[in-house]
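The block underneath contains the structure these notes are about, expressed in structure tokens.
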Amino acid sequence: MSKISLLKKLLVTSAITASMLTSVQAAKKEQKYVIATASTGGTYYPVGVGIATIASLKLAKKEKMTFSAITSAGSGENVDMLEKGEVDFAILQGLFGSMAWQGKAKYEGKPKKNLRSVSMLWQNVEQFTVKSDVAKTGNIMDLKNLYGERFSIGGRSSGSRVSAETILSALSIDYSKMNVQYLGYTPSSTALQDGKVKGMNTPSGPPTSAVTNVFASMGAKNIKVLDFNADNLKTIQKSYPVWTPFTIKAGTYPGQTTDIKTIAQPNLLVVTKDTPDRTVYLLTKTVYENLPFLNTVHKATKAMSIQKAIAGLPMPLHPGAVKYYKEQGIKIPARLMAN
């Protein structure tokens, strides 16, 4: 079954579940929770839909809890919606979560102390895709060849944009010299295929549909996902040490015959501190008891495991998540315990 077909099936299942709950439990008070994701062309949205679907199926009847996933502009908008109480849970980039919690960069002097971690998820892999004539060496520094050219850096309020700007600034690549476009993943992919941009930034868990579509449509010889070397990574880590080396294996994308040597940062599921402990406990438990299901939603989730659940979290855990992890024998460091 294709990923698109599976996602459609999940959405239909969610709709049927919601309909059943309306008719069967109309007289009962239902607790509804919303998970903010990102654009449909990345990994956040299908995984968010998968989490919402399995949680609703497992918890609706007994616990009267239902979950839904919504699209968004990404991590930046997700933090804003959490603060305004418009959503209960959200998927964030590790970099963005660190900035928000510490009050750095766009949150300078305004740390978001209402946020709590639920779980580390999978790695967010940096994928800077350009036309082959731009990729003179195949290294990330080739982005300097886009000065004066159109480049899609990500949505205006997205974590993709912030991570790209952080990386490029660290490498002294002046993105202000590019004709920067603020497009989501699918519009970026379409624009690259149509010749309206010469490169795009789509960090995500591979395979990323926006990148897959470009490889399939344009051919592997006509595009290049740029590599990072050890010196690039060392320079970037001086600003924010959240990235590590990552290899996108040959064959991940149509016609891709060689490995792509890039870098990655963690993604995490966060929640507002006022969300009930039992809700967070049950959602965390449901996610980890149903990882095989999530693995069928997107291959990126195969990197998830209970052993990695709290690795690299940038903010304290929610008490509900702490309870589940302690039941599983996970030792919680003091820095992840909320005051």
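The values are calculated or read from the model by the stated rules, or taken from the named source; none is laboratory data. These numbers were taken from a predicted model, which means no experiment stands behind them. Here the Cβ is made from the backbone with ideal geometry for all residues, glycine too, and neighbour counts use every protein chain on show.
Condition first: under 26 Å from residue 211 (Cβ atoms), out of contact with any Lys or Arg (no Cβ under 8 Å at 6 or more places or on another chain) and either of a type outside the set (Val, Ile, Thr) or assigned to a strand (DSSP E or B) (or both). Can you find one or more residues in the range 76-84 that meet it?
For the range 76-84, residues under 26 Å from residue 211 (Cβ atoms), out of contact with any Lys or Arg (no Cβ under 8 Å at 6 or more places or on another chain) and either of a type outside the set (Val, Ile, Thr) or assigned to a strand (DSSP E or B) (or both): present.
Just to be sure, is residue 258 free of Cβ contacts under 8 Å to residues at least 12 places away in the same chain and either under 30 Å from residue 315 (Cβ atoms) or in a loop (DSSP other than H, G, I, E, B) (or both)?
When the stated conditions are applied, residue 258 passes them.
Look at the range 92-105 and say how many of its residues are farther than 17 Å from residue 156 by Cα, outside any helix (DSSP H, G or I) and in contact with a helix residue (DSSP H, G or I) (Cβ under 9 Å, 6 or more places away or on another chain).
Of the residues in the range 92-105, 1 are farther than 17 Å from residue 156 by Cα, outside any helix (DSSP H, G or I) and in contact with a helix residue (DSSP H, G or I) (Cβ under 9 Å, 6 or more places away or on another chain).
Okay, residues lined up against (1) surrounded by 19 or more Cβ atoms within 10 Å (Cβ to Cβ); (2) of a type in the set (A, V, I, L, M, F, W, C); (3) touching a residue at least 24 places away in the same chain (Cβ under 8 Å):
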| position | (1), (2), (3) |
| --- | --- |
| 238 | no, no, yes |
| 248 | yes, yes, yes |
| 268 | yes, yes, yes |
| 279 | yes, no, yes |
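Looking only at the range 287-304, how many residues end up being of a type outside the set (Lys, Arg), surrounded by fewer than 19 Cβ atoms within 10 Å (Cβ to Cβ) and modelled with pLDDT under 95?
1
Go through the range 93-114 and give me each residue that's buried (at least 24 other Cβ atoms within 10 Å of the Cβ) and farther than 22 Å from residue 323 by Cβ.
93, 94, 95, 96, 99, 100
Looking only at the range 25-65, count how many residues are in contact with a helix residue (DSSP H, G or I) (Cβ under 8 Å, 6 or more places away or on another chain), crowded, with 21+ Cβ neighbours inside 10 Å and either over 30 Å from residue 127 (Cβ atoms) or hydroxyl-bearing (Ser, Thr, Tyr) (or both).
7
Can you go through 72, 56 and tell me which one is assigned by TED's automatic domain parsing to the domain that holds residue 314 and within 20 Å of the chain's Cα centre (by Cα)?
The unique qualifying residue is 72.
Please state which of the following conditions residue 284 fails to meet, knowing it meets all the rest: (1) over 19 Å from residue 159 (Cβ atoms); (2) within 18 Å of the chain's Cα centre (by Cα); (3) surrounded by fewer than 21 Cβ atoms within 10 Å (Cβ to Cβ); (4) among the hydroxyl-bearing types (Ser, Thr, Tyr).
(3)
Take the residues in the range 115-156 that are outside any loop (DSSP other than H, G, I, E, B), without any contact (Cβ under 8 Å) to a residue 60 or more places away in the chain and touching a strand residue (DSSP E or B) at 6+ places or on another chain (Cβ under 6 Å), then tell me which one is surrounded by the most Cβ atoms within 10 Å (Cβ to Cβ). Reasoning before the result, please.
First, the residues of the range 115-156 that are outside any loop (DSSP other than H, G, I, E, B): 115-125, 128-131, 139-146, 150-152.
If we keep only those that are without any contact (Cβ under 8 Å) to a residue 60 or more places away in the chain too, we end up with 144-146, 150-152.
Cutting the leftovers down to touching a strand residue (DSSP E or B) at 6+ places or on another chain (Cβ under 6 Å) gives us 146, 150-152.
Values: 146: 22, 150: 18, 151: 25, 152: 30.
Ranking the qualifying residues of the range 115-156, first place goes to 152.
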